[in-house]
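Working notes, structure below.
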Amino acid sequence: MSPENRADVGVIGMAVMGSNLARNLARNGYSVALYNRTTSKTEAVVAEHGGEGDFRPAAELEDFVASLERPRRIISMVKAGRGTDAVIDSLIPLLEEGDIVVDGGNSQFEDTRRRERKLRELGLHFVGAGISGGEVGALEGPSIMPGGSRESYEALGPILEKISAHVDGEPCCTWIGTDGAGHYVKMVHNGIEYADIQAIGEAYELLKALGLTYGEMADIFATWNTGDLDSYLIEITSEVLRKVDARTGKPLVEVIVDAAGMKGTGTWTVQSGLTLGTPLNTIAESVFARAVSSHPSLRKAAQAALDGPDQKLHVEDRDAFIEQIRQALWSSKVVAYAQGLDEIRMASKEYGWDIDVSEVAKIWRAGCIIRAKLLERIRSEYAAGGLVSLLVAPSVAQDLADSQEAWRNVVAQAVAAGVPVPVFAAALAHYDLARAPRVNAALTQGLRDYFGAHTYLRTDIDGVWHTDWSGDGSEIPGEDMH
């Protein structure tokens, strides 16, 4: 095939996400080579959507690769894990120096670092690109978080930016950093998403405990979506609560099994936070809440054996308490964002990525699942520079202060009524831990020194110290075992 007739970009994997991304590329004027291991899937995409643009289907991988212009830009949209490795291994013999392989799945960032290193040693570029927005986003404009070399972004970036979502003319796509940076940021995006969804669920439970109907709750979320809580997840919460099941005539949420699934990114976010020593209790509680929901034997046994309040809220002013729930929800969401962005900042230092947190907030403003009005404020606060945490940003800190009385009352009332609010409570605990001049860590360190001679630091003099607890109780210089 002559160079002038070759395709601009190729997509491997014709499941919904892959086919929708290919359609997005074609709609934006790119010629797109298509390949799927099962040829009938490729044929189905062309048959149904061939009129949307210039598609170049291939039945054999060799023909697919040969149909691409150099440097080849190949986007793999197959299931993360062994499937991704299999695609890479099959491509390597067919590629030439400088070609680019993009993994658009939800791969674990350490796997991406390994793959990038492997391909770099072969003279190839590997890009781990987080793609958020689900099926609709892939087709109409997602938020895209690509990692990899700067050189690869020069060839790939303009295409990804064009097909991404845009806000005020700015693309929701930017180069994140080297090797696994893109997939790391997507992982944390999903971790924040877990906490965001759980916080919304806790607000829903509290409204339900007040005795509101599903229609009333849907109206409240729709109203909340017009203010500071304006976000994609709040918007669709209203729609889900309003949905009536066609089979039974009941609200749909009443006939959905009360067990939440997860695919790993939330767990990875928490695991990485533990490794880095970054506090993520709000995100962690959302992961654990899903785990409890999906543990039927525990829940069945506990419902039979454990006593507690009836999960009904009785308040003097229902409308005032609903407003307090709104403030508690907003505050908890802010803490979740703050913890996730802190984790990205810590990981950037650990792995040498030099991630610009304000740019991350910028590309999350549209296309992705956690897109929200709040992100514009986050972007501007981090762009000002020197921000240790979102919590201490002047505008955010003031709003948290203004909301904390409501936040505390909601958590207290929920606990008294037996309504579980793990994210609301964890977020508030993080807020109080962070602002406290002294916490219980001094006692913790004293106990660690007592049973394990782990030593401690003093507030008044330098050095590392140990008390001879089993001897005469004297204090002696110790070897640092913190």
Among helices (runs of 4 or more DSSP H) completely within the stretch 289-374, the ones holding 2 or more residues that are open to solvent by less than 30 Å² (accessible area, probe 1.4 Å), closer than 18 Å to ASP196 by Cβ and modelled with pLDDT of 95 or more are 318-351, 357-363
Residue check, VAL388 against (1) surrounded by fewer than 18 Cβ atoms within 10 Å (Cβ to Cβ); (2) modelled with pLDDT of 95 or more; (3) among the hydrophobic types (A, V, I, L, M, F, W, C), all met but one. Which one?
-> (2)
Would you be able to say whether some residue in the stretch 453-475 is surrounded by 11 or more Cβ atoms within 10 Å (Cβ to Cβ), of a type in the set (S, T, N, Q) and at pLDDT 95 or above?
-> yes
Can you tell me which residue within the stretch 403-419, out of those that are open to solvent by 40 Å² or more (accessible area, probe 1.4 Å) and in contact (Cβ under 8 Å) with a residue 40 or more places away in the chain, is farthest from ARG435 (Cα to Cα)?
-> ALA416
Evaluate the stretch 191-211: report whether one residue or more is among the aromatic types (Phe, Trp, Tyr) and under 30 Å from TYR351 (Cβ atoms).
-> yes
Within the stretch 427-452, can you find the residues that are over 19 Å from GLU405 (Cβ atoms) and either open to solvent by less than 40 Å² (accessible area, probe 1.4 Å) or part of a helix (DSSP H, G or I) (or both)?
-> ALA441, ALA442, LEU443, THR444, GLN445, GLY446, LEU447, ARG448, ASP449, TYR450, PHE451, GLY452
Which ones in the stretch 68-93 are open to solvent by 10 Å² or more (accessible area, probe 1.4 Å) and closer than 16 Å to ARG6 by Cα?
-> GLU69, ARG70, PRO71, ARG72, ARG73
Can you tell me which residue among LEU229, LEU207, LEU241, LEU233 is in contact (Cβ under 8 Å) with a residue 12 or more places away in the chain and either exposed (fewer than 14 other Cβ atoms within 10 Å of the Cβ) or more than 19 Å from TRP330 (Cα to Cα) (or both)?
-> LEU241
A careful count of residues in the stretch 441-482 that are in contact with a Lys or Arg (Cβ under 8 Å, 6 or more places away or on another chain) and among the β-branched types (Val, Ile, Thr) gives 0
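The values are calculated or read from the model by the stated rules, or taken from the named source; none is laboratory data. Just so it is clear, the model here is predicted, and its values are computed rather than measured. We place every Cβ from the backbone using ideal geometry, glycine too, and count neighbours over all the protein chains shown. With ligands, DNA and RNA removed, areas are computed over all heavy atoms of the protein, side chains included. Shrake-Rupley method; radii C 1.70, N 1.55, O 1.52, S 1.80 Å.
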